[in-house]
Amino acid sequence: MEFHIDKTITLRELQATDAGDIFRIIDSQREYLGRWLPFVETTKRLEDSEGFVSSVVNADEASFEHVFSIRKNDEFIGLVGFKDTDRQNKKTEIGYWLSEDRQGQGIVTRAVKRLCKFAFSELGMNRIQIKCALGNEGSKKIPKRLGFSLEGIERDGELLSGGVYTDLEVYSLLKRDVSRD
């Protein structure tokens, strides 16, 4: 599955061949990505990224999550996708990360907007949430731009590199919030 965001940006469902690109960016940007993403610390070899990709693409139907590579002119630049989906209650979470040199272009905002549309119209979701580490100013701009509501703070919600907990800002968007527009 692919979503074309514009002439240069495409979201492509994760493929086994993406593992090398994922590892290459994580390995070359450990300090930058590791500040907010706990998996960076445990992604030490290509095999770690291969294991992650395999767990996504080979998941059984009950636990399958749509995860997409973000591509600019077909070059891998990041990931965006769903996690912790609760199909019974029709809610999911969107997570994302982008290569440092591709920040500030609105790429993730447009990608998340497209995934929200997909979640509401095709997956039948009623609620989408995004969690951002307190202090991660760039990340929290995305749900704010897209009309998500800040619900509160999840205290010590994520364990970051070095064994440090961080609080998470929890944002949500309901299907009825976008159907008013």
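Worth pointing out:
- Part-to-part distance (alpha-carbon centres) for the stretch 129-181 and the stretch 38-96, which is given in Å: 18
- The chain - share of DSSP beta bridges that are antiparallel (%, nearest 5): 90
- Cβ-defined net charge surrounding GLU93, 11 Å radius [Lys, Arg +1; Asp, Glu -1]: +1
- Taking the C-alpha atoms of the stretch 15-77, convex hull volume expressed per residue in Å³: 95
- A protection proxy built from the mean count of other Cβ atoms within 10 Å ranks the segments 137-145, 150-158, most packed first, as 137-145, 150-158.
- Nearby lysines by direct alpha-carbon distance to LYS117 (threshold 29 angstrom, same-chain neighbours under 8 apart not counted): LYS7, LYS72, LYS83, LYS90, LYS91, LYS131, LYS140, LYS141, LYS144, LYS175
- Proximal charge balance of ILE153 [Cβ under 11 Å; K/R count +1, D/E count -1]: -3
- Furthest towards positive pole of dipole, LEU98, GLY34, GLN129, structure part the stretch 2-179, Cβ charges: GLN129
- Between MET1 and LYS117, the contour length at 0.36 nm per residue exceeds the Cα-Cα span by 40.3 nm.
- Efficiency of FRET from Cβ geometry, SER63 and ARG102, R₀ 25 Å, rounded to 0.05: 0.25
- Computed [θ] at 222 nm, helices only, for the chain once each DSSP H run of length n ≥ 4 contributes -39500 (n - 2.57): -9000 deg cm²/dmol
- Helical segments meeting 15 Å axial Cα length and Kyte-Doolittle 0.0 threshold in the chain (DSSP H): 46-57, 107-121
- Positive-end residue, the chain charge dipole about Cα centroid, Cβ charges, pick of ASN58, CYS116, GLY157: CYS116
- The magnitude of the dipole of the chain, with charges of +1 and -1 set on the Cβ of Lys/Arg and Asp/Glu and taken from the Cα centre, is near 860 debye.
- When restricted to Cα atoms, the chain yields an Rg and a Dmax of 15.7, 47 Å, respectively.
Each reported figure results from applying straightforward, stated rules to the coordinates on display, with no laboratory input. Nothing here was measured: the structure is a model prediction, and the numbers come from that model. Cβ sites come from the backbone with ideal geometry, for glycine too, and all protein chains shown count toward neighbours.
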